[in-house]
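Trainee: Shown below is the structure under consideration.
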Amino acid sequence: MKPDHLGIGMTSQRTRERLVRRLAEQGIRSEAVLEVIRTTPRHLFVDEALAGRAYEDTALPIGFGQTISQPYVVARMTEALLSGGVPGDVLEIGTGSGYQTAILARLVPRVYTLERIAGLIQRAQNIVAELDLDNVLFRHSDGEMGWPAKPCFDGIIVTAAPEEVPQTLMAQLAPGGRMVIPVGQPGRQELRLITRTPAGYQDITLDRVSFVPLLRGIL
Ligand code: SAH
């Protein structure tokens, strides 16, 4: 890692190690996921004024009324997405800071990420490039309709909550593919893992979660 990527003091490797230990204690089992969290500089994805809090296990504001997801939630969603094997093409709805995008890009071959707020996607794109991750495609659009030019994905991860699972996204799941998605009204959301099987869709609930809502249109 470059020196400013490594961080010092509250953004140092030691601070990342502590976060990873806490995630393991909370039940994250995947060594691959823990390793990328250990070596991905989350402090670069938040405002400098908040960098000292980047390795607390908490969501933080990233501007435009949005938040970078809590590390435990990023770990849990990524682990669930990879639990049936490493998916080839992954669609992410809600790029936000780009932190979840970067974690995914280090674990799967290709990431397609969509964000409705132009200011956020530009920033995320710059940091992902700065980290030398070249397997991510960015798109400024409303993600509810999926990625128009590509009909199906092995994995879909949604980082903002719709009230119900969008049918378009279900249809964009390849056979054997998995989708991790928070669903429900603010304050009453659950994280669901949906797997497309030959017999139909298997749907299990993983956790209670709190996400910003999935909204329509672009900004
Ligand atoms: N994974 C991100 C989470 C950001 S919060 C991170 O850790 O930083 C969720 C993001 O979803 C916000 O940036 C919000 O603008 C975006 N979003 C909400 N509705 C959307 C939609 N319909 N299409 C694309 N992005 C959407």
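The values are calculated or read from the model by the stated rules, or taken from the named source; none is laboratory data. As the structure is a computational prediction, the values presented were derived from the model and not from experiment. All Cβ positions, even for glycine, are placed from backbone atoms using ideal geometry, and neighbour counts span all protein chains on display. Only protein heavy atoms, including side chains, enter the accessible area calculation; ligands, DNA and RNA are left aside. Shrake-Rupley method; radii C 1.70, N 1.55, O 1.52, S 1.80 Å.
Trainee: If packing is taken as the mean number of other Cβ atoms within 10 Å per residue, what is the order of 74-87, 205-218, highest first?
Mentor: For the peptides 74-87, 205-218, the packing ranking is 74-87, 205-218.
Trainee: If you average 1/r over every pair of different alpha-carbon atoms in the chain and take one over that average, what Kirkwood value in Å do you get?
Mentor: The answer is 17.3 Å.
Trainee: Which residue, His140, Thr67, Thr113, has the largest displacement toward the positive end of the dipole of the stretch 3-209 when charges sit on each Cβ (Lys, Arg +1; Asp, Glu -1)?
Mentor: Looking along the dipole axis, the top candidate is Thr67.
Trainee: What does the highest-first list of 35-43, 125-133 look like by mean Cβ count within 10 Å?
Mentor: For the peptides 35-43, 125-133, the packing ranking is 35-43, 125-133.
Trainee: Report the antiparallel proportion of the DSSP beta bridges in the chain as a percent, rounded to a multiple of 5.
Mentor: 50
Trainee: Sticking with this one: In nm, give the distance between the simple-model label positions of Gln202 and Glu163, each being 7 Å from the Cα along the Cα-to-Cβ direction.
Mentor: A separation of 3.1 nm, rounded to one decimal place.
Trainee: At what distance in nm do the modelled label points of Glu190 and Glu35 sit from each other, each positioned 7 Å from its Cα along Cα→Cβ?
Mentor: Modelled inter-label distance: 3.4 nm.
Trainee: Follow-up. Quick check for you: with a 1.4 Å probe and neighbouring chains kept, what is the accessible area per residue of the stretch 3-209, in Å²?
Mentor: Solvent-accessible surface per residue comes out at 44 Å².
Trainee: At 0.36 nm per residue, minus the direct Cα-Cα distance, what do Asp142 and Leu215 gain on full extension? Give it in nm, one decimal, please.
Mentor: Working it through step by step, the gained length comes to 25.5 nm.
Trainee: Taking all protein chains as present, what is the carbon and sulfur share of the accessible area of the stretch 3-209, in % to the nearest whole number, probe 1.4 Å?
Mentor: Carbon plus sulfur share of accessible area: 51 percent.
Trainee: Rounded to the nearest 10 degrees, what's the angle between the helix 13-25 long axis and the longest principal axis of the chain, both from Cα atoms, 0 to 90?
Mentor: 40
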